[in-house]
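Take a look at the structure below.
We did not get these values from a lab; they are worked out from the coordinates using the rules stated. Not measured: the values here are computed from a predicted model. Cβ sites come from the backbone with ideal geometry, for glycine too, and all protein chains shown count toward neighbours.
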Amino acid sequence: MRRPSRLLPLVLLAACTRAPAALEANGTVEVRQADVGALGVARVVSVRVAEGDTVRAGDTLAVLAQSAARPNFEAALARVRTAEARLRDLRKGARPEELSRAEAELAAAEAEARRAAQEVARLRPLAERQVVPRQQLDNAVGAADAAAGRARSASEALALLRAGARPEQVAAAEAEVRNARAAVAMMQGAEADLVLRSPVDGVVLLRSAEPGDVLAVGASAVTVGEVRAPWVRVFVPASAVPALRVGDSVDVTVPGAAGRWRGRIRSVDARAEFTPRAALTEQERADLLFGVRVDVADPSGTLRPGLPVTVRLPLVRAAS
C-alpha cells in the first residue's frame, strides 16, 4: 500500500514591491511510501535493512516464518510424488513380473480346480453304491465349485493386467496429479510471500518490526520511500492563485545549502484551506490559502523525506 507522507509545510512569502514576478514558499520534501508487510500472521525471522538504507526493487527487506508452512509443504510434495507414480504405472501397464505372478496364480488355480473335479468324479459312483458317505461327495462338490471360482477370478485378473488401465482410470489419475501439483504451487506462492522484498527503488524510512515479533495480517514490517520522485506541498494565498500555471517550471533550494533543483507545478487545489497555525503575519492570518503540489526532478535521490526546502513559484502577470 502506498500513501503520501503528511507533513505540514511552513509558508513564507517573499514580498516584492508592486508587481512581484515570483513568490517563495517553504515546505518539506515528501515521497510516495510503500508499506511492506505480512499477508498472513507470521513471525519475523530476520530484518535485513536499517532505517536510512538505500534499496533497489527486489531487494530482501525481511524474512518471515509460519510454523505449519514447512511440514504442510513436505506433505504436499509427497502427495505429488505418489500421484505421479500411480499415473506412470497406469500408463505403462503391468510390469513383466506382475504378469508372471498372475499367470502363475492362474495356473495354480486351474490345477486345483482340475484336481477337485477329478475327486468329485471319483467319489460320485462310490457314493451311488453307498461305498462312501453321501456327505463326503457333497463336500468334494463344494470344494470343486470353490476351486473353479478361484480359477475364474485368476483368469479375469490376468486379462485385466494384459489389457492395461481403462481410459477413465488414467483420466482420474491425471486429475489427481494436477490437483496435487496445484496445491504445491499454492504453497510455494505462500512461501515466497514470507520473503519481503522492496517493491521500488528507494530508501528505508521506517523499520517497524524486529526478529521475534509476530506480525498480524497486513501489518507493515518496513516502509520504503521512493526518493527519486519527491514532491513538495506548499501553500499560497488566494491572491496568487490566478498567477500560477500548472506545468510551469519552478526552482527548489535547500536553505543554507548549495544546489538547485528543477520542479514543475503538478496541481493547485480547487478548494481553499484556512491559514495554518504556522502563518507568521497578520496578513497571512487573514488569507485563505491554496495548496500547491510541486514535483521535483531528483534522479540522484539527494532530497530526503522531511528535508525543508524553498520553492520559487513564477507568477504570470495578467494582460493589461
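Under the rule of at least 5 residues apart or a separate chain, name every residue whose amide H is placed under 5 Å from the amide H of GLY40.
GLY218
Using the 10 angstrom Cβ neighbour count as an exposure proxy, how do SER198, SER300, SER155, SER249 rank, fewest first? Kindly include the intermediate steps, with their values, before the conclusion.
On the way: SER198 20, SER300 9, SER155 15, SER249 12.
The order, fewest Cβ neighbours first, is SER300, SER249, SER155, SER198.
Give the long-range amide H neighbours of SER208: residues separated by 5 or more places, or on another chain, with amide H under 5 Å away, using H modelled in the peptide plane at 1.01 Å from N.
Under 5 Å from the amide H of SER208 lie the amide H atoms of VAL222, THR223, each far enough along the sequence or on another chain.
Mind listing the phi-derived Karplus ³J(HN,Hα) values for region 241-252, rounded to whole Hz, using 6.51, -1.76 and 1.60 with θ = phi - 60°, and x for any glycine or proline?
4, x, 8, 9, 10, 4, x, 5, 7, 9, 9, 10
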